[in-house]
Amino acid sequence: MESLLITVLGIIAGVFTTIAVLPQVFKVIKTKSAEDISIWMFVCLLIGVGSWTLYGIVKEDWPIIITNGLSVLFNGIMVYIKLKYSK
């Protein structure tokens, strides 16, 4: 039972940290403005979630791989949008 609880807690944490950036991505796409976005924050996030993804691959831990892999995608989109819409 304890193992199941730990697994569920890990999945919940992974899902929420993965989707946390989506409202910002949608807002920037909608407004076509990224002036108030810190590119350095998203670069740091990319490095962090990219490292977590590699860690998950080494450990063969699919929840870590999937949630952080998606985070790499979402944060990468944010960096691209920031560069595209910056003046």
Between (1) 0.96; (2) 1.07; (3) 0.98, which entry matches Rg/Rh (Cα atoms, Kirkwood Rh) as derived from the coordinates of this structure?
(2)
So how far apart, in nm, are the two label points at Ser33 and Tyr55 if each is 7 Å from Cα heading toward Cβ?
3.7 nm
Computed over region 8-57, the convex hull of the Cα set has an average projected area, in nm², of 4.2 nm²
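In whole percent, what relative contact order does region 37-87 give with Cα contacts below 8 Å and a gap of six or more residues?
For region 37-87, the relative contact order is 43 percent.
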Counted charge near Met78, where neighbours are those whose Cβ lies closer than 13 Å (Asp, Glu -1; Lys, Arg +1)
+2
May I ask you to give the solvent-accessible area per residue for the chain, in square angstrom, as obtained with a 1.4 angstrom probe?
73 Å²
Only sites in a loop by DSSP and with at most 12 other Cβ atoms within 10 Å count here; which trypsin sites (Lys or Arg not before Pro) in region 1-57 make the cut?
Lys32
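May I ask you to derive the relative contact order of the chain, considering only C-alpha pairs under 8 Å and at least 6 residues apart, and to give it as an integer percent?
41 percent
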Principal-axis tilt of helix 62-85 within the chain, Cα atoms, nearest 10 degrees
0 degrees
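The values are calculated or read from the model by the stated rules, or taken from the named source; none is laboratory data. These figures come from a predicted structure and were not determined experimentally. Positions of Cβ are generated from backbone atoms using ideal geometry, with glycine treated the same way; all protein chains shown enter the neighbour counts. SASA here: full protein model, heavy atoms, side chains in, ligands and nucleic acids out. Shrake-Rupley method; radii C 1.70, N 1.55, O 1.52, S 1.80 Å.
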